[in-house]
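Comments concern the structure below.
The values are calculated or read from the model by the stated rules, or taken from the named source; none is laboratory data. Not measured: the values here are computed from a predicted model. Heads up, the Cβs are rebuilt from the backbone with ideal geometry, glycines too, and the neighbour counts pull from every protein chain shown. Ligands, DNA and RNA are stripped out before the accessible areas are found, and what is left, the full protein with its side chains, is counted by its heavy atoms. Shrake-Rupley method; radii C 1.70, N 1.55, O 1.52, S 1.80 Å.
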Amino acid sequence: MKHRTLAGFLIAIIALLVLSQSAMVVPQGDVGVVLRFQKMVRGNLVPGLHFKWPFLDHPVYLGAGWIVLDGKSENGGLEKITANDGRPLQLGYMLLWRITDIAAFCTRSPGCDESQGAYLINQTALPLLKQAFAAHSFDDALTASEDKVLKGFVPAINQQLKGAGVT
């Protein structure tokens, strides 16, 4: 009789373990993605309860809104650039980005990871920012409006990141 009780108990534990690994909850404000062997199986999952294959599928939660990229934390401090008159500038910046195409984003960023997406955006933005500030003198870069110094920056970065699924 004890063997049946122990076997039933083990079966119940295994069933609960499998059941707990079969469900995922996408939090409010996020979009869910299911990866199987690092490949996207399902995407654009709305907040709520969803089911997946236990032990095979891995859930990933991505921000559904704007995501902040801080240049100081990505680059380890302020960036040193040179104005067109040869005087040095220190540049700190923040970029707002969001995922517009989850399939393209998961293809371009390993593991469908937001930090990998931020790295890609930072690597694209930094040369464009340096180019924008290098076109102005030191005094002009400090006193001119942001629109004047960064004219064309947003369309240029969006064009370069076109296939990455971000804007």
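General remarks:
- Based on protein heavy atoms only, the stretch 92-164 ends up with 56 Å² per residue of surface accessible to a 1.4 Å probe.
- Here the Karplus relation 6.51 cos²θ - 1.76 cosθ + 1.60, evaluated at θ = phi - 60°, turns the backbone of the stretch 15-26 into coupling constants of 4, 5, 5, 5, 5, 5, 7, 8, 10, 9, 10, 7 Hz, with x for every Gly and Pro.
- Global form of the stretch 1-95, assessed from the alpha-carbon gyration tensor, a/c cut-off 1.5: prolate
- The loop-placed chymotrypsin sites (Phe, Trp or Tyr not before Pro) in the stretch 1-97, going by DSSP, that have at most 13 neighbouring Cβ atoms within 10 Å of their Cβ come out as Phe37, Phe55, Trp66.
- Cα-based shape type of the stretch 59-106, given that a ≥ b ≥ c are square roots of the gyration tensor eigenvalues and the cut on a/c is 1.5: prolate
- Reported label for calculated volume of the Cα convex hull per residue in Å³ given [x] 350; [y] 108; [z] 127: [z]
- A simple charge model with +1 on the Cβ of Lys and Arg, -1 on the Cβ of Asp and Glu and nothing else charged puts the dipole of the stretch 42-167 at about 260 debye relative to its Cα centre.
- Mean residue ellipticity, 222 nm, helices only, the chain: the sum of -39500 (n - 2.57) across DSSP H runs of n ≥ 4, divided by residue count and rounded to 500, is -12500 deg cm²/dmol.
- Charge dipole (the chain, unit charges on Cβ, about Cα centre) - positive-most of Gln21, Pro127, Thr143: Gln21
- Heavy-atom accessible surface of the chain: percent carbon and sulfur, 1.4 Å: 60
- Neighbourhood charge, 14 Å Cβ-Cβ cut-off, centred on Leu56 and excluding it, Lys, Arg +1 and Asp, Glu -1: +3
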